[in-house]
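Shown next, in structure tokens, is the structure this report addresses.
The values are calculated or read from the model by the stated rules, or taken from the named source; none is laboratory data. What you see is a predicted model, and the numbers here were worked out from it, not measured in a lab. Neighbour counts are summed over all protein chains in view; Cβ atoms, including those assigned to glycine, are modelled from backbone coordinates with ideal geometry. Accessible surface areas use protein heavy atoms only, side chains included; no ligands, DNA or RNA. Shrake-Rupley method; radii C 1.70, N 1.55, O 1.52, S 1.80 Å.
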Amino acid sequence: MLKLYPTVSAEDGRTEARVLEHVQGKLPIVTPEVHADGEYENGWRYILMTQFPGQGLAGTWPHVPDADRDRLASEVGAALAALHALDTEPMREVLGPPDWSAFLAGQRATTVARQRARKLPELWVEQIPEFLASVPLAGEPERVLLHTEIMREHLLVDPGRWTLSGLFDFEPAMLGDRAYEFVAVGLFVSRGDPRLFGRVVAAYGRTFSPRELMAHTLLHVYSNLPWYFRELPAPPEDTLDSLAETWFGSA
């Protein structure tokens, strides 16, 4: 499989190649093997990588039996535990942010404006500053290798056995707080189903406060609450605390 990166995303190509080389053969789930990478033309970059078998989990999910959904959730948790246990030293010159507390502060400063730009109703926007101020987040946590976009769209499954057969798309990888990883997991793997999310974190081996995960949801670089509201279960009350319990309550 050949993946091309336009000039504006050329740095993503360098990042993905290095991360793929670092994780190769170290996870309980297959990741693409890099055969070649480099400059293409006009500032573009490329990676030539293996294409492994399987079907996209997003498309096959409606056909997965309930018991197999639980097992797939556990497999995701186990894969993340292995990813976050990897040595980060070889990645420190490749991945950011250089200062996690500064990253959080920058995200916090722009959260309201970014959600307004995405047309989040003011009822929700006005809650954001007080909510974020009430949630203590580690300014200097243990930093682990984060995929940051663990979602059904980036997972492949063997439909014969209903087991995970691949994980891809490492270009937005970061070094940061492990809790940050579980934003995408809760939104795009368990999709607001706390019971299923609980299966993931049980296999991962750690628990997270729903309010902590909601704070990271607001601070995430791709955060888009209006989109999530269209896709995920609605909370019983129009509060961020209620939303945290609805999407992450079993964590």
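Just need a number here: residues in region 204-251 that are touching a residue at least 24 places away in the same chain (Cβ under 8 Å), more than 17 Å from Met151 (Cβ to Cβ) and in a helix (DSSP H, G or I). Number satisfying all stated conditions: 14. Cβ separations smaller than 8 Å between residues 6+ apart or across chains give the following pairs from region 104-131 residues that are under 11 Å from Leu225 (Cα atoms) and touching a residue at least 24 places away in the same chain (Cβ under 8 Å) to residues that are open to solvent by 40 Å² or more (accessible area, probe 1.4 Å) and not polar (S, T, N, Q): Arg118/Trp227; Trp124/Asp238.
If I go through region 35-57 residue by residue, how many of them are free of Cβ contacts under 8 Å to residues at least 40 places away in the same chain and open to solvent by less than 30 Å² (accessible area, probe 1.4 Å)? Break it down stepwise before answering.
First, pick out the residues of region 35-57 that are free of Cβ contacts under 8 Å to residues at least 40 places away in the same chain: 35-43.
Filter once more, so that each one left must be open to solvent by less than 30 Å² (accessible area, probe 1.4 Å): 38.
Residues that pass the stated criteria total 1.
Checking each residue in region 183-206 for being small (Gly, Ala, Ser) and open to solvent by less than 10 Å² (accessible area, probe 1.4 Å) picks out Ala184, Gly186, Ser190, Gly192. For region 184-196, the set of residues classified as in contact (Cβ under 8 Å) with a residue 40 or more places away in the chain, under 21 Å from Val221 (Cβ atoms) and in a helix (DSSP H, G or I) consists of Val185, Gly186, Leu187, listed by residue number. Of everything listed in (1) surrounded by fewer than 17 Cβ atoms within 10 Å (Cβ to Cβ); (2) hydrophobic (A, V, I, L, M, F, W, C); (3) within 18 Å of the chain's Cα centre (by Cα), the single unmet condition for Val19 is (1). Taking the criterion of being in contact with a Phe, Trp or Tyr (Cβ under 8 Å, 6 or more places away or on another chain) and open to solvent by 20 Å² or more (accessible area, probe 1.4 Å), the only residue of region 79-95 that qualifies is Ala81.
Take the residues in region 113-129 that are of a type in the set (A, V, I, L, M, F, W, C) and open to solvent by 40 Å² or more (accessible area, probe 1.4 Å); name whichever of them is farthest from Leu164 (Cα to Cα). Walk me through how you get there before you give the answer.
Step one: list which residues in region 113-129 are of a type in the set (A, V, I, L, M, F, W, C), which gives 113, 117, 120, 123-125, 128.
Checking the rest, the ones that are also open to solvent by 40 Å² or more (accessible area, probe 1.4 Å) come to 113, 117, 123.
Values: Ala113: 38, Ala117: 36, Leu123: 40 Å.
Taking the candidates together, the pick is Leu123.
Restricting region 79-129 to residues that are of a type in the set (Val, Ile, Thr) and either within 27 Å of Gln24 (Cα to Cα) or not in a helix (DSSP H, G or I) (or both), which is modelled with the highest pLDDT? Don't jump to the end; show me each part of the working.
Looking only at region 79-129, we keep the residues that are of a type in the set (Val, Ile, Thr), and these are 88, 94, 110-112, 125, 128.
Filter once more, keeping what is either within 27 Å of Gln24 (Cα to Cα) or not in a helix (DSSP H, G or I) (or both): 88, 94.
Numbers: Thr88: 97, Val94: 94.
Top of the filtered list is Thr88.
Taking the criterion of being within 18 Å of Asp87 (Cα to Cα), open to solvent by 10 Å² or more (accessible area, probe 1.4 Å) and not in a loop (DSSP other than H, G, I, E, B), the residues of region 130-182 that qualify are Arg143, Met174, Asp177, Arg178.
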